[in-house]
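Since the structure comes first, as structure tokens, the remarks are kept for the end.
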Amino acid sequence: MTIIDKNAQKKGILKAGWLNALAILFFVCVTQTSLAYESASNPFLDVPDRESIRRIINDIRQYKLDYLRNKEKLESAFQISKEQDWEHLHLEAAALYSELLFRQEKYAELTAHLSHYLHQDELLKRKDIHLLFLETKLKSLTRLDDPTPAKALSKTLEAQISQHSINEKIIILRALAYYYTADDALRKTLSAALEGLELAMKNDDIASQGYFYRKIADAYGYLEEDEDKAVSYAKKAVETFEKTNDGLFTAKAYWSLGNILLETGDSQNALVYLNKALAYFKDVNMNKGLAFAQYSIANTQFLQANYDRALTLAKENIELARTAGIDDMHLASMILLSNIYIKQGFLDKAEQVNDEVYLLVDNFSRSIYKANFFSERYTLKRELNRIEEAFDAIEKKLFYTEKHFEATSESNIKALQVKFEVKEKEDTIRKLEYQKDISNLQAKEEYQQKIIWRLSATIASILVLVILLLFYRQALQRKKYHRMASTDFLTNCFNRRGILNTANTKLAQQKMTIAIVDLDYFKKINDEYGHDVGDLVLIAFAKAAKEILSKGDEFGRYGGEEWLFVLNSSDEKVVRDTFEKVAATYQNYCNDIDALEENLSMTFSVGVSLGDKSNRTLDTLIKRADSVLYEAKENGRNQVIIN
């Protein structure tokens, strides 16, 4: 063999070696890529990793992952933790899984799931996990026709709340805010949501802040007392939830803001948010959310006189709500369809749909829905000159309105107002009767007498029952109404009326000291930080005063940021010491409000009028205290001046 041949053989061997090495390297890379892809598509392909399960549970609990869009991951975490017998981890996964079932509207499966886990002794050792289960349970119980189980659980949670940590209190207040709203106890919703919001801000719990913002917005919206606050809180709910990955709660915040804007007449912007909510509900195929969002959009189109578009959406929603078993939305969509036909001039079609709702009216979950339906039925039947059916609708509206007032403990004045409106409509119907052809006058008069007799008998019976009920309830409710009329619902202390009554009573019995307190630069707090933070400052001052005042001393919100104090002591030193302690405690509570600037000085000015035998009128004492309060503010604030 020549040297050239040997060199060629060496080159061939080297070339083959390089090719083999490249082939092996390529195989390894392809295999690793394939395994990496499979691992990414299935996080549990390999042996279950406890830390991986823990991360998924933490991410969902901290709202970094959406429940419905990550349901497979949560279901896998639930099953694997169970199979591996990771007891503590599994209980946490099971609590989150119960929330998933609630959001998926799998109520029968949820009931069985809750029954299984809530009877486990180990769960009682994990208070926060136990409360997550109870939160879902309370929400599910509000769906029942029987309100007793939900009411009993809410009372249990209310009684236990003081025993828990901040994080646990937030869970309880979330559950209670949901229950109070479902139960139409909107004042309680506001109270629970404001308290929960303060704790959530203190705990940097972004998602819970968003939840409480939405509950406050909804409560203001339903109470129809302050549209500006309703819009403000609803916008804050949207802004807060958009910082999380909880798609459902973000969509609900969109829906709430859309409906509140619709109530204020801003239908254009309302439609933007309602469509955002609809997009999420479609993405996760949530029928309940779809039905509610689509109904609101259809109603918006109706109010904008886009009747053809509203008609299409209403028809779609009737079928969607019927299939999903959402009776309230099914019937509401049918009523909307009837109203669209009325606007289009198809009264026969409107009447046909209205009659169909009439046959299904018992499916409504609340008496007020039935009352509203019969109000619209009356209008339609009167338009069609169906006098007897119109009277029947009025009678039923009155009946269900009374039931609603009884269920929600509304003011009896409203019930009397309803009767007055019924009387007006009765007169209108009489006028319609007199417009009939003269040839039918005799039959018309006979018919009128019959109807009048029926209505008179019905109204007389109802009036007798209402009067008896008023006398029966008066003794039981006098104290309750007096307390409500004398209490500031935000701070849960006396309002102006309550503290003045208390002061007059005390003055008649003994000499006393009157002080007026004004929170320094409170308007600036509202302007710079917002009314929600201003509310928290007011609550902080009320807490400080309650904590420091001696037994027998009283105080109340006199107006805005002003407070009236009624003190038993006329000793100048005791009075000064009292307000120094209140100031220190007030500053400490304000330091806990995360939204305020750190170390922000929170002070107040005080004008004090010491009582004596020569001065026994409350008006004089208040004027003297107000005068020296003005002097304290003129002298630079943050001081106590005693007359």
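The values are calculated or read from the model by the stated rules, or taken from the named source; none is laboratory data. In this text, all values refer to a predicted model and were calculated from it rather than measured experimentally. Heads up, the Cβs are rebuilt from the backbone with ideal geometry, glycines too, and the neighbour counts pull from every protein chain shown.
Of the helices (runs of 4 or more DSSP H) lying entirely inside the range 474-583, those carrying at least 2 residues that are closer than 20 Å to SER609 by Cα and touching a Gly at 6+ places or on another chain (Cβ under 8 Å) are 496-509. Selection of the range 355-397 for residues being farther than 30 Å from ASP183 by Cβ, basic (Lys, Arg), in a helix (DSSP H, G or I) and without any contact (Cβ under 8 Å) to a residue 40 or more places away in the chain yields only LYS381. Without any contact (Cβ under 8 Å) to a residue 40 or more places away in the chain, of a type in the set (S, T, N, Q) and closer than 22 Å to THR491 by Cβ - does that describe any residue in the range 617-632? No. When ASP348, ASP328 are checked against the criterion of being closer than 20 Å to ASP145 by Cα, free of Cβ contacts under 8 Å to residues at least 60 places away in the same chain and part of a helix (DSSP H, G or I), ASP328 stands alone in meeting it. Within the range 601-643, the set of residues being surrounded by 19 or more Cβ atoms within 10 Å (Cβ to Cβ) and of a type in the set (Gly, Ala, Ser) comprises SER605, GLY607, SER609, GLY611, ALA625, ALA632.
Here is a yes/no grid of residues against (1) surrounded by fewer than 14 Cβ atoms within 10 Å (Cβ to Cβ); (2) farther than 30 Å from ILE593 by Cβ:
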| residue | (1), (2) |
| --- | --- |
| LEU132 | no, no |
| LEU138 | no, no |
| ALA150 | no, yes |
| ALA159 | yes, no |
| SER162 | yes, no |
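Among the residues of the range 548-575, just one is surrounded by 14 or more Cβ atoms within 10 Å (Cβ to Cβ) and basic (Lys, Arg), namely ARG557.
Residue-wise test of (1) modelled with pLDDT of 90 or more; (2) farther than 21 Å from LYS349 by Cβ.
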site	(1), (2)
PHE241	no, yes
ALA277	no, yes
PHE281	no, yes
ALA310	yes, no
ALA314	yes, no
ALA321	no, no
ILE326	no, yes
ALA332	yes, no
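In the condition set (1) closer than 19 Å to ASP626 by Cβ; (2) within 27 Å of the chain's Cα centre (by Cα), GLY607 is compliant with all but (2). The residues of the range 124-176 that are under 17 Å from the mean Cα position of the chain (by Cα), among the β-branched types (Val, Ile, Thr) and more than 20 Å from GLN104 (Cβ to Cβ), listed by number, are ILE170, ILE171, ILE172. When GLN474 is tested against (1) in the same structural domain as LEU610 (by TED's automatic domain parsing); (2) over 14 Å from LEU564 (Cα atoms), just one condition goes unmet, and that condition is (1). Considering (1) among the hydrophobic types (A, V, I, L, M, F, W, C); (2) in contact (Cβ under 8 Å) with a residue 24 or more places away in the chain; (3) surrounded by 20 or more Cβ atoms within 10 Å (Cβ to Cβ), the lone condition that ILE56 does not fulfil carries the number (2). Scanning the range 451-491 for residues that are under 24 Å from GLU395 (Cα atoms) and small (Gly, Ala, Ser) yields SER456, ALA457, ALA460, SER461.
Hey, does the range 236-245 have a residue that's in contact (Cβ under 8 Å) with a residue 40 or more places away in the chain, buried (at least 18 other Cβ atoms within 10 Å of the Cβ) and part of a helix (DSSP H, G or I)? Within the range 236-245, one or more residues are in contact (Cβ under 8 Å) with a residue 40 or more places away in the chain, buried (at least 18 other Cβ atoms within 10 Å of the Cβ) and part of a helix (DSSP H, G or I).
Going by the conditions given, is ASN317 within 23 Å of GLY289 (Cβ to Cβ) and buried (at least 21 other Cβ atoms within 10 Å of the Cβ)?
yes
Does GLU109 satisfy being among the acidic types (Asp, Glu) and within 23 Å of SER208 (Cα to Cα)? Let's see the steps before the verdict.
On the way: among the acidic types (Asp, Glu): yes; within 23 Å of SER208 (Cα to Cα): no.
Against the criterion (among the acidic types (Asp, Glu) and within 23 Å of SER208 (Cα to Cα)), GLU109 does not qualify.
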